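To start, the structure itself, in structure tokens.
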Amino acid sequence: MPGETKIRYAGAVYGYEEINAIIDSALNGWFGLGNYAREFEKGLAHFIGCKETILANSGSSASLLAITSLTSWQLVDRLKPNDEVITPACTFPTMFNPIIQNNLKPVVLDIIPETYNIDAENLSEAITNKTRLIVLPHTLGNPNDMDTVMKIAKEHEIWVIEDNSKIIKSFRDWGRACYCESTEKNPFGACGMRFNWKLEGKGNLTYDHKYMYNHIGYNLKPTEIQVAMGVHQLKRLPDFIKIRKRNFKILFEELSILDKYFIFPESHKKADPSWFAFPLTIRDVKKMDRRELCLFLEAQNIETRYIFSGNILRHPAYKNIKTKIIGNLKNSDRVLMNSFFVGIYPGNSEEQTKFNSGSLHLKDIQMSV
């Protein structure tokens, strides 16, 4: 019902298959990672075309694990305190925080207004002999220019976050040395070292390798019940992507006439993104006030959100961190002050999406009057 039904920016879309899987997992009596986890990891790896995926309990935890894994003593050329990490100023806190939490130094770049990602052509300007890593979020699901990024990274021998699963699993699972799964039936484990691991400096004394620890780690695993739902959500993923693209296209086409007011989102010519949301940046704050506009949309029961942190360095938590700034970050500041998004998630029908655009047009008419 227009104006009464809440049009959300995100939410869960599921059916009886997910509910049955959750019940099945609960009845198995094992909440740690098990068969559902293996099925999900293999299914996701196949879907995205990579060798392996590793489950974490959130995207935030995945970012922490990926960056922290590069500090492992098991790596010959590991990251060390004060090494420089290139990353955008317009980012999400838990993509930025692991850089600080691992005593690394962020080197922040500005973004392109239309893509909300860095200008990869200017990446070389931020590189010094202390640069060791590039961390790039794909803002709202819009891919960075990875061809250019990887070319520059290889030229300067700089890491870009990629898979290094032995180590990531260790940090995820309390810092444990062993990679054997809970479902392994061999009493000595897949590694063959359970109950046979010799303790350093203790002669022939052995220990259970499953409870030997290589790193100061965390517990960032999801539960098997969550993964049971995820297995069936993975089957819905192609349809989710299709609906997101449809909703994005509807808003882009129906709002294009408002180009005088907004900067519209763009993607790289080689990209085919499944956007998380539909972002808009106000061109002239003298003609349109973001607060007023978002309150107007919320009054129509259309959820809005600002684009996460905008320029993250403007937030109190990062007031006293050690960082290096490349350029003036004016576009990241603009996102902080002038940008917002509305939803395109698979729970929104075509009718709801068109109501989103209609409400923005209505506001345009009110402003013109």
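Per-residue 3J(HN,Hα) values for the stretch 111-128, derived from phi via the Karplus relation 6.51 cos²θ - 1.76 cosθ + 1.60 with θ = phi - 60°, read 10, 8, x, 6, 9, 6, 10, 5, 8, 4, 5, 9, 4, 4, 5, 8, 7, 10 Hz in sequence order (x marks Gly and Pro). For the stretch 41-104, the fraction of alpha-carbon pairs lying more than 18 Å apart is 47 percent, rounded to a whole number. Each 10 Å bin, from zero up to the one with the longest distance, holds this percent of the alpha carbon pairs of the stretch 112-180: 17, 38, 26, 16, 2.
Near I118, the amide H atoms lying under 5 Å from its own belong to I112; only residues 5 or more places off or on other chains count, and H is placed 1.01 Å from N.
Diffusion coefficient (Stokes-Einstein, Kirkwood radius over C-alpha pairs, 25 °C, 0.890 mPa s) for the stretch 237-368: 152 µm²/s, rounded to a whole number. Report, for the chain, the % of DSSP beta bridges that are antiparallel, rounded to 5. Taking every DSSP beta bridge within the chain, about 55 percent pair in antiparallel fashion.
Of the peptides 299-308, 45-54, the ranking by mean beta-carbon count within 10 Å, highest at the top, reads 299-308, 45-54. Using the alpha-carbon atoms, what tilt in degrees (0 to 90, nearest 10) does helix 35-48 show relative to the longest principal axis of the chain? It works out to around 50 degrees.
Taking the chain as the reference, fit the longest principal axis to its C-alpha atoms, fit the long axis of helix 146-156 to the helix C-alpha atoms, and give the angle between the two in degrees, 0 to 90, nearest 10. The helix 146-156 is inclined about 50 degrees to the chain. Less than 5 angstrom separates the built amide H of S72 from those of L79, all sequence-distant by 5 or more or on a different chain.
If you average 1/r over every pair of different alpha-carbon atoms in the chain and take one over that average, what Kirkwood value in Å do you get? Its Kirkwood hydrodynamic radius stands at 23.1 Å. Under a 5 Å amide H cut-off, with hydrogens placed 1.01 Å from N, D83 pairs with K105 among residues at least 5 apart or on other chains. What the phi angles of the stretch 267-279 give under the Karplus curve with 6.51, -1.76 and 1.60, with θ = phi - 60°, is a coupling list of 10, 4, 4, 8, 8, 9, x, 9, 5, 6, 7, 10, x Hz, glycine and proline written as x.
Read-outs throughout are calculated quantities, based only on the coordinates presented, and are distinct from any laboratory measurement. Here the structure is a predicted model, which is why all the values come from computation and not from measurement. All Cβ positions, glycine included, derive from the backbone under ideal geometry; neighbour counts span all protein chains shown.
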